[in-house]
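These notes are about the structure you will find just below.
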Amino acid sequence: MKIVSNIFFISAVVFLSGALIFFEIGMRAMRRQLEIKEKKSTKIAIRFLITSVLLFGISGLLAIFA
């Protein structure tokens with residue numbers, strides 16, 4: 001169970017890193033006033049952020065109950 005929790009934790013960190021990258025892409029697009037790219041990048045970043053929160057939660061629950 002500990003290995004599964006670690007896998008969820010590592011994948012959550014990867015998704016969080018992806019969210020940060022896409023937020024940065026969105027910020028650069030906002031500075032250059034590229035609205036379509038900004039909205040697309042922000043939407044992807046929010047999905048990655050929500051996914052990482054869920055994965056962190058699952059990892060925490062598995063760590064507590066394992």
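Values quoted throughout were computed directly from the atomic coordinates according to the rules given, and no laboratory measurement underlies them. From a predicted model like this one, the values you see are computed outputs, not experimental measurements. Note that each Cβ is placed from the backbone with ideal geometry, even for glycine, and that neighbours are counted across all protein chains shown.
How many residues, within the stretch 14-50, are polar (S, T, N, Q) and crowded, with 17+ Cβ neighbours inside 10 Å? Spell out the reasoning first.
Going residue by residue through the stretch 14-50, those that are polar (S, T, N, Q) are 17, 33, 41-42.
Keeping just the survivors that are crowded, with 17+ Cβ neighbours inside 10 Å gives 41-42.
Number of matching residues: 2.
Scan Val53, Val13, Val4 and give me the residue that is touching a Leu at 6+ places or on another chain (Cβ under 7 Å), on the phi < 0 side of the Ramachandran plot and in a helix (DSSP H, G or I).
On the way: Val53 fails: touching a Leu at 6+ places or on another chain (Cβ under 7 Å); Val13 fails: touching a Leu at 6+ places or on another chain (Cβ under 7 Å).
Of the residues listed, the single one that is touching a Leu at 6+ places or on another chain (Cβ under 7 Å), on the phi < 0 side of the Ramachandran plot and in a helix (DSSP H, G or I) is Val4.
For the stretch 1-13, the set of residues classified as touching a helix residue (DSSP H, G or I) at 6+ places or on another chain (Cβ under 8 Å), of a type outside the set (Lys, Arg) and surrounded by fewer than 13 Cβ atoms within 10 Å (Cβ to Cβ) consists of Met1 only. Mind checking which residues of the stretch 7-44 are acidic (Asp, Glu) and under 14 Å from the mean Cα position of the chain (by Cα)? Within the stretch 7-44, Glu24 is the sole residue that qualifies.
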